[in-house]
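Here is the structure we will look at.
The values are calculated or read from the model by the stated rules, or taken from the named source; none is laboratory data. Model, not experiment: these values are computed from the prediction. Because the Cβ atoms are built from the backbone with ideal geometry, glycine has one as well, and the counts that use them run over all protein chains shown.
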Amino acid sequence: MIRALHRWPGLLALALITVLTLSGAALSVFPAAERLAAPQAVTGLTVAVLAERIQAAYPGVEQIRRAPSGRITAYWFDQDAPGGAVVDPATGQGVASADPNQTQRWLTNLHRSLFLGDGGRIAMAVGATAMLILSLSGTMLVARRAGGWRHWFAPLRGPLAGRLHVEIARIAVFGLVLSSATALWMTASTFDFLPSGGAAPASAAEVSGETGVALVMMPTLGDTLVADLRELSFPYPGDATDVFTLKTDRGTGHLDQGTGALLSWSDLTGWEHVSETIYMLHTGQGAATLGLVLGLMALGVPMMGGTGVLIWLAGRRGRPRIRGNEAAGRAETILLVGSEGGSTWGFAATLHAALTEAGQMVHAAPMSAFTSDGYARARRIIVLAATYGDGDAPASANGFLDRLTNLGRAPVAALAVLGFGDRSFPAYCAFAKAVSEAARAKGWPEFMPLYTIDRQSPQDFARWGRALGDVLGIDLDLAHQPVLPKTETLALISRRDYGAEVQAPTAILRFALPKATLWQRLRGAGFARFTAGDLIGILPEGSPVPRLYSLASAHRDGFVEIVVKRHPGGLASGQLTALEPGDTVTAFLRRNPGFQPGQGRAPLILIGAGTGIGPLAGFVRGNTRHRPIHLFFGMRHPHSDFLYGEKMPAWQDEGHLARLVTAVSRGERQHYVQDALRGEAAEVVRLIRDGARVMVCGGRDMAAGVADALAEILAPTGLTPAALKAEGRYVEDVY
Amino acid sequence: MKSLLAALALTTALTLPGIAMARPVTLTTTLNNYGGDGAYLALYVTDASGAYMGSLWMAGTKSKYYEHLTDWYRATGGDTAQVNGITGASVGAGRTLEITLDLADALFDAGYTLHVDAAVEDMRDSPNEVAVPLTTAGVGTAVAGRRYVASFAYDM
C-alpha cells in the first residue's frame, strides 16, 4: 500500500517534480547572491537618516523599500519621469538598477506556473502534492527498510540504485517536506483558500493639513531602525491630505506630513506573521542560508527520480505480472511472497493463476506488506518464502518476522508455509522454517505442514500443489517452469589450466563480452554492467537447470572470466573445462550485491581457497584506487594449482595488492588458509581494528574453518565474526 | 486586444439619485513595455472632493496582491466586493485592456475623476498612475500614465 503510494505519484509526477526541483534549486541561489551583493546598512541606522540621505540624492523620492536581504530600493519621480535604483544606505546614492532580474523572473514563472497562468499554478501544486506524498510515503518505507526509526541512518546494503535512492532521500526528505508543504500553503493563499488575515488599513482621517516636516524631525522614523524597515511611502507632492505610510516588521502606520505625528498604527496580525514565515521558509528571502540548503536538497530529487525509475524497472523485471490480483480485503486466499531475485514470484504467479482458475479469490503480495487486519475475508494465508544468505529474510520479506512476533494475536485465517531453497546449503529454507516456528509460537494454526522446494524443482512444487488441492477439495495442477533470465551466448577467448598434477584440474576461462544493445547498455541490463563477485548462470547442454559461478572480472576489464574446477561426473564443469577457444556457452548474468567490496578506503581481507580465488582476484585486478588488500589464498601445490600465481607479482608491484599470504596443503607440512590466518593473527587483529572488511570465498568446509579461526583470533579483542557480519564487515560466498 | 463588457457594473456602486440615463463607454488602457510580469490595474472613480465613488474594473484576480494598488486599497479597505463581477486577468507589458461599460450621463462634467492604480510584481507600485477628469470634452483624448500606462482614453 505505502509502496504504491510511493511508486505511482513518483512515476506520474516525475517530469513535473523534476522541473519544480531544478527551477527551485536554481532560484535558491538568488536570495544568497542578493544578500552578498546588496550594500548593507550599518547597525543602528534609522529610517529617518536613510530617508533623508535618499531624499537629498533624489528629491522626488516617493517610495523606499527594503528587501529581507537588506537590499534597499528607492523609487522617485524626476520631472515627471519615473526612476528607481538600488541605493547604498551609507550615501543614499543609487548603485544598481532596480529592475527585476530577468533570469530570476523567468525561473520564478516557470517554477510556480510553467508560464501557464492559473492552470500552470494548479499543475505545479499537484506536483508539490505528489512531492509531499512521496516524502511521507518514502519516509515510512525507509523506516521499514532500516528496521525502525532508530535506524534511520543505518548503513545500507543492496544494489547501487536502491542505496543511492535511500541515501539521498534520508537527508533530503526534511527539506522536501518543508518546501512542498510551504508551496501548498502559498498556492492555497494565492487562490484565496486561506484568509488573508491582514488588518484593514486604518484610515488616516485627521491630517493636520500642513506639509513640509523634515524627515529627521519625525519621531517614528527616528525610532525605527533600517533593519526593521519594509517600506516607506511618501505623500504625493501637493496633496496636503496625503500621509507618509511606514511598513515595518511589526506593522503599518501613517504619519502626518505636516507635524510628523503618528496618525495611526496597526500591528501585523498573528496570521500575517505565519504567512510571512512560510513565505520566508519557501523562498529563502530573509533566510538565504536555509534557502541554499533547501535548494541543495531539491537537487537530490532528479537523482532520486532516476534511481527510483531504475528500482521500479528492476522490480518489474524480477517479478512476473500477476493478472487479476484481488484486493486484500476481498480475497479468500492470501499469497505472501518472500523473494530475493524474483524466482519465488514466478512460483507465486503460477499458484495464483491455478487457484484463480479453480474459482478462488486470490490476493498476492510481498511478505513485507503483511498486516494483521487487512484480510477481512481470508480463509487461508500461504507464505512462499525463499531464504537470503544464512537464513535471513529475502528482500521482499523485510520486517515480516518482527511484525508477526509483535502481533497481539495470530490471524484467524490458517497458514501454510512453502519454503524455497537449495539443499546443498546448511541454511536450507532456514527463513521459511523460522516463519513456521514463529507462527507456531504465536498459536497461528497451520492447515498444511511446512513443505520445501529444492532448487526450484517443478516436481516438488507440483507435488505440494496436489496436496494443497486435496485440502481445498479442488483439482490443482501446478505446472511451473522457472522463467530463466534472458540468456546470451559467450565465446571462449582463452583458457589457462592448473592443478592436473594434484588431481584438481582447474581452468581459468575467459570469454568475450557479448555485444550489448543500446537499450541494454542504458539500463545496465545483462552483461552490459557487472562487477567481480556477480554470478554467471551457465546452462549446460542436457539440463535446464543453470549452474552458478562467481565472476572473476568486471565489465570494464572487457571480458567475462570464471574459474572452474572439473568435478568427476559433473555435467556443467565437464563441459566448461572441455571448451576450446571459439567454443560457446549459453549463460545469463545474476547480480550478487551481497558480495561486493563496496566503496571506501578501509582495508580488505580477502580469504579464499581453490576456485574461490576467482572473485577475489577480480577485486584485486579492479583495485585501481590502491585500497590496502590482504589476500589469503589456500592451494594444494604452488607449482600446480597456484591460480593467478603468474599475475600476483605484477598486482603487488602496481599497488593493487598490499600483501599475499599463501597456504599449501600438500607438502611436508599441511597448511590451510585458516592456519595462515592464525599465523598472521596480530596483523589480522590490527586490520580489523582499522575497520577492515573480511570477504571469504570458497568451499563450505574452508569457510567454516576460517570462521572458527577468526573467532579464535578475535576472542581477546571482544569482537566476533557474528558481530562483524551484523555490521556487514564479514561476508561469505560459499558453495 | 481584450474586449470586455460589463454592462451593469456600476449600477450598485454608482447609483446617483434621479439618474436614469446611461450610455456605453469604452475605456482603452495600453501598457508600455516595462519589462515585467503582467500588471494589476484598478480603474475607479472619485468625486470632486476626492472621495471614492466606485470601481469600474479590476485587472488581476489574486486579491492578495490588491494591497499594492495602494490608493484603491486604502479607499476601499481592500474590499473585494467592490470588484465582484468586474474582475479580469492582469495585463501584460505592451498589451491593451479594452472594456466597455454603461456609465451614467450624470458622471460627466460633474467633477468626477477616473483613476487607474497599477502594480507589477517586484517593481514599483504606481498608485494614481492615471487620473483624468470625466468630461465630454475629454472623450477620445489619450493621456499617458506615470510609469506603466502608455496611453489611456475613454470613448463613447
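Okay, residues lined up against (1) within 26 Å of A:G284 (Cα to Cα); (2) aromatic (F, W, Y); (3) within 53 Å of the chain's Cα centre (by Cα); (4) in a loop (DSSP other than H, G, I, E, B):
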{"residue": "A:P39", "(1), (2), (3), (4)": "yes, no, yes, yes"}
{"residue": "A:T43", "(1), (2), (3), (4)": "yes, no, yes, yes"}
{"residue": "A:V49", "(1), (2), (3), (4)": "no, no, no, no"}
{"residue": "A:R53", "(1), (2), (3), (4)": "no, no, no, no"}
{"residue": "A:A56", "(1), (2), (3), (4)": "no, no, no, no"}
{"residue": "A:P59", "(1), (2), (3), (4)": "no, no, no, yes"}
{"residue": "A:E62", "(1), (2), (3), (4)": "no, no, no, no"}
{"residue": "A:A74", "(1), (2), (3), (4)": "yes, no, yes, no"}
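Here A:S266 meets each of (1) crowded, with 16+ Cβ neighbours inside 10 Å; (2) part of a strand (DSSP E or B); (3) within 13 Å of chain B (Cβ to nearest Cβ) with one exception, condition (1).
Considering only residues in segment B:87-103 that are among the polar types (S, T, N, Q) and within 13 Å of chain A (Cβ to nearest Cβ), the one that is surrounded by the fewest Cβ atoms within 10 Å (Cβ to Cβ) turns out to be B:T87.
Among the residues of segment A:678-693, is there at least one that is in contact (Cβ under 8 Å) with a residue 60 or more places away in the chain and more than 17 Å from A:L606 (Cβ to Cβ)? There is no residue in segment A:678-693 that is in contact (Cβ under 8 Å) with a residue 60 or more places away in the chain and more than 17 Å from A:L606 (Cβ to Cβ). Here is a check on your reading of the model: is A:A183 more than 41 Å from the chain's Cα centre (by Cα), assigned to a helix (DSSP H, G or I) and at pLDDT 90 or above? No.
If the condition is being facing another protein chain (nearest Cβ under 9 Å) and among the polar types (S, T, N, Q), then segment B:57-80 contributes B:T61, B:S63, B:T70, B:T80.
Filtering segment A:547-595 to residues that are in contact (Cβ under 8 Å) with a residue 60 or more places away in the chain and among the small types (G, A, S) leaves A:S550, A:A552, A:S553, A:A554, A:G582, A:A587, A:G594.
Residue-wise test of (1) of a type in the set (S, T, Y); (2) under 30 Å from A:S372 (Cα atoms); (3) out of contact with any strand residue (DSSP E or B) (no Cβ under 7 Å at 6 or more places or on another chain); (4) surrounded by 18 or more Cβ atoms within 10 Å (Cβ to Cβ).
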| site | (1), (2), (3), (4) |
| --- | --- |
| A:F431 | no, yes, no, yes |
| A:A434 | no, yes, yes, yes |
| A:R440 | no, yes, yes, no |
| A:G465 | no, yes, yes, yes |
| A:V471 | no, yes, yes, no |
| A:P485 | no, no, no, yes |
| A:E488 | no, no, no, yes |
| A:R496 | no, no, no, no |
| A:Q503 | no, no, yes, no |
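Residue pairs whose Cβ atoms lie under 7 Å apart, separated by 6 or more positions or on different chains, with the first residue in segment A:1-27 and closer than 11 Å to A:A130 by Cα and the second β-branched (V, I, T) and buried (at least 20 other Cβ atoms within 10 Å of the Cβ), are A:I17/A:V301.
For segment B:29-65, the candidate set comprises residues that are among the hydroxyl-bearing types (S, T, Y) and in contact with a Phe, Trp or Tyr (Cβ under 7 Å, 6 or more places away or on another chain); within that set, the residue that is surrounded by the fewest Cβ atoms within 10 Å (Cβ to Cβ) is B:Y65. Name every residue in segment A:75-107 that is under 29 Å from A:A25 (Cα atoms) and of a type in the set (A, V, I, L, M, F, W, C), in order of residue number. Residues satisfying the conditions are A:A85, A:V86, A:V87, A:V95, A:A96, A:A98, A:W106, A:L107.
For segment A:472-488, check the following and say yes or no: at least one residue is more than 26 Å from A:G391 (Cβ to Cβ), of a type in the set (A, V, I, L, M) and in a helix (DSSP H, G or I). Yes, some residue in segment A:472-488 is more than 26 Å from A:G391 (Cβ to Cβ), of a type in the set (A, V, I, L, M) and in a helix (DSSP H, G or I). Is it true that A:I133 is away from chain B (no Cβ under 13 Å), of a type in the set (V, I, T) and closer than 22 Å to B:A119 by Cα? So A:I133 fails the test. Listed here are the helices (runs of 4 or more DSSP H) enclosed by segment A:605-720 that have at least 1 residues being surrounded by fewer than 17 Cβ atoms within 10 Å (Cβ to Cβ): A:648-653, A:673-679, A:681-689, A:700-714. Counting the residues of segment B:104-141 that are away from chain A (no Cβ under 14 Å), in contact (Cβ under 8 Å) with a residue 40 or more places away in the chain and not in a helix (DSSP H, G or I) gives 7.
The single condition from (1) touching a residue at least 60 places away in the same chain (Cβ under 8 Å); (2) under 24 Å from B:V139 (Cβ atoms) that B:S55 fails is (1). Flag not set for A:G342, criterion: surrounded by fewer than 17 Cβ atoms within 10 Å (Cβ to Cβ) and either within 33 Å of the chain's Cα centre (by Cα) or over 30 Å from A:Y730 (Cβ atoms) (or both).
Can you spot a residue in segment A:320-336 that is part of a loop (DSSP other than H, G, I, E, B), at pLDDT 85 or above, under 15 Å from A:M367 (Cα atoms) and outside the structural domain of A:G162 (by TED's automatic domain parsing)? Looking through segment A:320-336, at least one residue is part of a loop (DSSP other than H, G, I, E, B), at pLDDT 85 or above, under 15 Å from A:M367 (Cα atoms) and outside the structural domain of A:G162 (by TED's automatic domain parsing). Each residue in segment A:548-574 was checked for being touching a helix residue (DSSP H, G or I) at 6+ places or on another chain (Cβ under 8 Å) and not in a helix (DSSP H, G or I), and 14 of them qualify.
Please verify whether segment A:298-321 includes one or more residues that are more than 21 Å from the chain's Cα centre (by Cα), farther than 30 Å from A:S23 by Cα and surrounded by fewer than 22 Cβ atoms within 10 Å (Cβ to Cβ). Within segment A:298-321 (the criterion being more than 21 Å from the chain's Cα centre (by Cα), farther than 30 Å from A:S23 by Cα and surrounded by fewer than 22 Cβ atoms within 10 Å (Cβ to Cβ)), the answer is yes, since at least one residue qualifies. Residue check: is A:P82 surrounded by 17 or more Cβ atoms within 10 Å (Cβ to Cβ) and under 51 Å from the mean Cα position of the chain (by Cα)? Criteria not met by A:P82. Filter segment A:625-664 down to the residues that are modelled with pLDDT under 90 and among the polar types (S, T, N, Q) and list them by number. Result: A:S640, single match.
Whenever a residue of segment A:493-514 is under 24 Å from A:H555 (Cβ atoms), its partners that are among the β-branched types (V, I, T) and surrounded by fewer than 18 Cβ atoms within 10 Å (Cβ to Cβ), lying with C-beta atoms within less than 7 angstrom and at least six residues away or across chains, give the pairs A:R510/A:I493; A:F511/A:I493; A:A512/A:I493; A:P514/A:T489.
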